[in-house]
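Below is one structure; the comments refer to it alone.
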Amino acid sequence: MTTLALRLAPAASRGRPRLAFQVACALVGVVLIAGLAQFTIYLPFTPVPVTGQTLGVLLVGAAYGPALGAATVGLYLVAAVAGLPVLARNAAGGHDTGAHVLGAAFPSAGYLWGFLLAAVLVGWLARQGWDRSFRSSVSAMFFGELVIYACGVPWLMHALGVDLQTALTYGLYPFVVGDTIKLLLAAGALPLAWTALRRSRPREEPGAG
């Protein structure tokens, strides 16, 4: 199966237009994730903010597939390292940038690396058709969320030097409700997009996948 972005892309035989389309998708994806990251809420007891980044990552992974999704999230991380203000605002109201944002001592770095892996997993599941119905899309997004927390919580535990229960209190429990809402939004968006695409382009074009 194909993904939403590949369904809209020029045929594989049209090399330059297809490459230009993919580059444009990556840039749009970076802007989307960076924009959602600015919706930031800091809770008083944890260094990890509540942000909209996860929604952007899940949407990018599902719509773009594993390769383009990973490239887009990778470009987002490169932009942060390069000094662009694409990450969530820190507690002082500014933006953390530089190589240290992906380093062992940065509390949120595990979540950032988890974004990359989640985009690959959700993108791969989308290639298997998991983004075509709400039920399967929820499962895909849920697995993506699991990957993010599987990377983020142990990293937070190491960065702060705290035990597992404290790391869960800082980096998981406060975000369950919000991330469930983001998961449902992402899971609902993809089937709706496929439905709209089928209505506007009922026949699969040769070479679109």
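Overview of results
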{"read-out": "Residues (closer than 20 Å to T72 by Cα, modelled with pLDDT under 90 and not in a helix (DSSP H, G or I)) located in the stretch 1-54", "value": "T2, T3, A9, P10, A12"}
{"read-out": "Test set (1) surrounded by 18 or more Cβ atoms within 10 Å (Cβ to Cβ); (2) under 27 Å from F39 (Cα atoms) - S136 fails condition number", "value": "(2)"}
{"read-out": "Which numbered condition R132 fails, given (1) within 27 Å of L77 (Cβ to Cβ); (2) touching a residue at least 24 places away in the same chain (Cβ under 8 Å)", "value": "(1)"}
{"read-out": "Hits in the stretch 64-120 - residues which are among the aliphatic types (A, V, I, L, M), open to solvent by 30 Å² or more (accessible area, probe 1.4 Å) and assigned to a loop (DSSP other than H, G, I, E, B)", "value": "L84, A91, A92, A104, A105"}
{"read-out": "Matching residues, the stretch 171-204, being open to solvent by less than 90 Å² (accessible area, probe 1.4 Å) and modelled with pLDDT under 90", "value": "L197, S200, R201"}
{"read-out": "Filter result (in contact with a Leu (Cβ under 7 Å, 6 or more places away or on another chain) and aliphatic (A, V, I, L, M)) within the stretch 61-105", "value": "A62, A63, A70, V73, L77, A80, V81, V101, L102"}
{"read-out": "Output for the stretch 27-48, where each listed residue is touching a residue at least 24 places away in the same chain (Cβ under 8 Å) and surrounded by 16 or more Cβ atoms within 10 Å (Cβ to Cβ)", "value": "G29, V30, L32, I33, A34, A37, T40, Y42, T46, P47, V48"}
{"read-out": "Residue that is touching a Gly at 6+ places or on another chain (Cβ under 9 Å), over 25 Å from L43 (Cα atoms) and among the hydrophobic types (A, V, I, L, M, F, W, C), where the choices are A150, A126, A118", "value": "A126"}
{"read-out": "Output for the stretch 159-172, where each listed residue is within 20 Å of L112 (Cβ to Cβ) and not in a loop (DSSP other than H, G, I, E, B)", "value": "A159, L160, A167, L168, Y170, G171"}
{"read-out": "Any hit, the stretch 141-158, residues being outside any helix (DSSP H, G or I) and open to solvent by 40 Å² or more (accessible area, probe 1.4 Å)", "value": "no"}
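The values are calculated or read from the model by the stated rules, or taken from the named source; none is laboratory data. Just so it is clear, the model here is predicted, and its values are computed rather than measured. Heads up, the Cβs are rebuilt from the backbone with ideal geometry, glycines too, and the neighbour counts pull from every protein chain shown. Just the protein is used for accessible areas: all its heavy atoms, side chains included, with ligands, DNA and RNA removed. Shrake-Rupley method; radii C 1.70, N 1.55, O 1.52, S 1.80 Å.
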